[in-house]
Structures are given as C-alpha cells and as structure tokens.
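All remarks here apply to the structure that follows.
The values are calculated or read from the model by the stated rules, or taken from the named source; none is laboratory data. These numbers come from a predicted model, not from an experiment. Glycine also receives a Cβ, built like all others from the backbone with ideal geometry; neighbour counts cover every protein chain displayed.
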Amino acid sequence: PPRSGLSPRRRGLTATSPFLRAAAGDRPERVPVWFMRQAGRVLPEYRALRATTAMLDSCRNAEMVTEITLQPVRRFRPDAAIFFSDIVLPLAAVGVDVDIVAGVGPVVAHPIRARADLDVLRPLQPDDVQYVSTAVGMLIRELGETPLIGFAGAPFTLASYLIEGGPSRSHTRTKALMYSDPELWHDLLGRLAEITTGFLRVQVDAGADAVQLFDSWAGALNEEDYLRYVAPHSARVLAAFADDGVPRIHFGVNTGQLLGAMGAAGADVVGVDWRVPLDEAALRVGGDRAVQGNLDPATVFAPADVLAEKVRDVCRRGAAAPGHIFNFGHGVLPESDPGVLAHIVDLVHEF
Ligand code: CP3
C-alpha cells in the first residue's frame, strides 16, 4: 500500500482521541487509559475462546485475533485497544522453531550460540503474516473511534529468548555473547531490528494508530551497556516510523536507569514501570516527551480506598509530563478481577 503520510482515518482520530492527543504531548479533557495485556489472561470469554487452540495458532487466526482484541474494549471501554499477538510470533513466521509452552513462556528449540545459527533470521515479508494485516483491517473497522496499538518485541528482549532458549532471570548467556563477540551480537540485533521493523510495518500499513516497542528485559542492563549494545538497534526500529504519524511508545521493566536513553532512542512516549514515580520519571526522560504508566499491577488486590488513592496519585504525578497515558507498570496480573480493572478505568476518567 502507498505510504502517503496520515490516512484520513488517522487524521480524524488524532484530533479527538484522548490517547493519541496525550501521546502527542497534549492534555486532553480526560486522562486516557489502557492496560498492557488487557486482551487475554483475565477474561473468562478469552479463556473459553482459547480452550482448544494453542497460543501461536490463535495469533495466526485473524477472526480469533480480532475477537480477543475486542473483548476487553467491550468490557472496560479503555482509550485504546492493543493488537493480540506475541513478541515471538514474527520469529516463528520467518522460520525460528519457537513455541509458547503453557506456564513457561516462549521456548526456542535451537538457541543461538554461533554465527551459523543466525541464518534463519531473514527479513520478515508481509506475506509471512498475511493474517496480521487481515486482523488489523477487521479491527479498525470494528473499533470506530478507539485507536489500535500495534506492537513488537525490541531486539534485546527477542535476543534474550533466542540466546537463552527460554525465559531467563539473569540473562547470563545473553550478556556473555554480548561481551565476548560484539560482532556477532550486532549482527544478531541488526537482524532482529529488521524483523521487528517488518512486523510493525505490516501493522502500521494495515492501519494501526500507534506502536509500542516492548523491551521488557532491557532493565537488566546498565546505561552504558544499553547505549553501546542495544540502543542503536532499537533506535533504527523507532526511526523507521518517524514519518507515519503514529506515536511510538518505548517500554521496559526495571528501566529506571534507562528512561532518558529509551526516550532518546526515538520514542514519543516512554513507558515506566511502578518503581519510579511518574513525576521523577518525567524528569529523567527529559521533560520533552509523554510518559505512560505506572500503577503497580498488584494494586488491584488492595482495598478500594487504597486503590483509589493510588490511581489518583499516578494521575497527579503524570501531570508533570507533557502528556500522560495511564497504564499499569507491566501487564495485568492473571489473577486480576475484571471488575476491578473496569473500576480503574472509571477512576482515571473521573480524575
Ligand atoms: O498472557 C496472556 O495474555 C495470554 C496469552 C499469551 C501472550 N503471550 C499474549 C501476549 C501467552 C500465554 C503468552 C506467552 C508468553 N510470551 C509469555 C508467558 C506469559 C505467561 O504469563 O504465561 C511470555 C513472557 C512471552 C513473551 C512476551 N510476550 C513478552 C516479554 C511480551 C512483552 C510484554 C511483557 O509482558 O513484558 C509479550 C507480549 C504479549 N504477549 C502481548 C500479548 C497479548 C502484547 C502486549 C499486550 O497485550 O500488552
């Protein structure tokens, strides 16, 4: 499809959507709110739909993706929808043998250990993920005024799964490869940046209104290593969408030391976990970009008065940044009560 700047649909939404206005550094009449992982895990209607379908198979079924993405929008009326997929989907689509194991997460059959292991990491073509374009097209027709956020995993977080072979707390093998073979490391991250860019490109060209780059595990690095080994690759991904008119959200967990660098990598909005208060985070980001966050996801288990005060505190502190999008500091916890999530949306909107 031709890339001719803002689509008419996107132009219309940018003026009216609280989410898109806050992302652009504006102060809409209400604080916009959505939740990472709002699609899935907590909803009984999601569990029913997924009962007999493996995770990655559900991501390859445009009707299922559309329905799962819409379920939390019907329930919670958030200010944005997040496309239902997974960060390892594009890896599987180019031929990496990766599966999502229930209760574990992504598991890679042949972890990357040497140069020859990189050969499988070819660029992603739109035809590899036809079902993604189809689902995004169906979604933007159904969503009306609610913007759709596309997403992808950032090169470092994807590299960690590929090198460790699965989830890791310490990212030991990842850092060992990074320090011992910088040439192989940069080749790997360059290829992952290209795959991630391809996956986001498909979503944006099909009509996604914003993108979020998930570097969930980047917080394992200090700032110096992040700047040397990771930031240039994430920056290339973010720069590829500079002229699309879609806000770029850059998120990680435990990234208090990286907030400035993650903004400088080319984000319009910096996602913040719950460890750094948003007014402090806004200072670290540099005062020139919007922030997203940052209620502790475990707050849903607090008594109602404590929860309400903590929601208001996040809103007050968020006002220190040029724009604020309310979210949790990481994904909703699977045990969360959907009723409490709906209540949080109301509390934010009443603020
Ligand atoms: O948990 C669910 O919502 C159910 C569906 C599901 C997803 N991924 C959706 C998803 C499942 C079972 C997975 C597998 C998976 N992938 C896991 C284990 C999850 C678990 O709790 O069992 C993990 C850790 C991954 C890898 C992954 N996927 C990461 C690190 C991220 C970035 C966000 C994060 O949590 O740090 C994802 C993205 C992801 N997976 C999204 C969805 C719907 C997109 C983001 C979103 O909806 O906010």
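Annotations
- Taken over region 64-95, residues that are part of a helix (DSSP H, G or I), of a type in the set (A, V, I, L, M, F, W, C) and in contact (Cβ under 8 Å) with a residue 24 or more places away in the chain amount to 10.
- Index of the failed condition, Gly103 passing every other in (1) in a loop (DSSP other than H, G, I, E, B); (2) away from the ligand (no atom under 11 Å from the Cβ); (3) surrounded by fewer than 21 Cβ atoms within 10 Å (Cβ to Cβ): (2)
- In region 262-274, the residues that are surrounded by fewer than 24 Cβ atoms within 10 Å (Cβ to Cβ) and free of Cβ contacts under 8 Å to residues at least 40 places away in the same chain: Gly263, Ala264, Gly266
For every residue, the table says whether it meets (1) at pLDDT below 95; (2) surrounded by 18 or more Cβ atoms within 10 Å (Cβ to Cβ); (3) within 16 Å of the ligand (Cβ to nearest atom); (4) farther than 27 Å from Asp296 by Cα.
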site	(1), (2), (3), (4)
Pro8	yes, no, no, yes
Arg21	no, yes, no, no
Val31	no, yes, no, no
Trp34	no, yes, yes, no
Gln38	no, yes, yes, no
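- Subset of region 9-31 (residues that are in contact (Cβ under 8 Å) with a residue 24 or more places away in the chain and among the acidic types (Asp, Glu)): Asp26
- Just one residue in the set Leu333, Leu341 is on the phi < 0 side of the Ramachandran plot, buried (at least 18 other Cβ atoms within 10 Å of the Cβ) and over 15 Å from the mean Cα position of the chain (by Cα); that residue is Leu341.
- Restricting region 34-60 to residues that are in a helix (DSSP H, G or I) and of a type in the set (D, E, K, R), the residue that is farthest from Gln71 (Cα to Cα) is Asp57.
- When Ile112 is tested against (1) among the aliphatic types (A, V, I, L, M); (2) more than 16 Å from the ligand (Cβ to nearest atom); (3) under 27 Å from Val345 (Cα atoms); (4) assigned to a loop (DSSP other than H, G, I, E, B), exactly one condition is not met: (3).
- Candidate set from region 79-100 (those that are closer than 13 Å to Arg60 by Cα and more than 11 Å from the ligand (Cβ to nearest atom)); member that is nearest to the chain's Cα centre (by Cα): Pro90
- Filtered residues of region 259-276 (kept if out of contact with any strand residue (DSSP E or B) (no Cβ under 8 Å at 6 or more places or on another chain) and under 22 Å from Arg228 (Cα atoms)): Gly260, Ala261, Ala264
- If you go through region 275-285 and keep only what is under 16 Å from Ala321 (Cα atoms) and surrounded by fewer than 24 Cβ atoms within 10 Å (Cβ to Cβ), you end up with Val276, Pro277, Asp279, Glu280, Leu283, Arg284.
- Only one of the numbered conditions (1) closer than 30 Å to Val311 by Cβ; (2) at pLDDT 95 or above; (3) within 11 Å of the ligand (Cβ to nearest atom) is violated by Ala54, and that is (1).
- Looking across region 187-218, the residues that are more than 30 Å from Met138 (Cβ to Cβ), in contact with a Leu (Cβ under 7 Å, 6 or more places away or on another chain) and either of a type in the set (A, V, I, L, M, F, W, C) or within 15 Å of the ligand (Cβ to nearest atom) (or both) come down to Leu188, Ala218.
- Qualifying positions in region 239-255 - over 17 Å from Leu20 (Cβ atoms), of a type in the set (A, V, I, L, M) and surrounded by 18 or more Cβ atoms within 10 Å (Cβ to Cβ): Ala240, Val253
- Residue ID - farthest from the ligand (Cβ to nearest atom), chosen from residues in region 233-268 that are part of a loop (DSSP other than H, G, I, E, B) and either within 16 Å of Asp205 (Cβ to Cβ) or of a type in the set (D, E, K, R) (or both): Asp243
- Residue that is nearest to the ligand (Cβ to nearest atom), among those in region 154-180 that are farther than 27 Å from Ala267 by Cα and touching a strand residue (DSSP E or B) at 6+ places or on another chain (Cβ under 6 Å): Gly166
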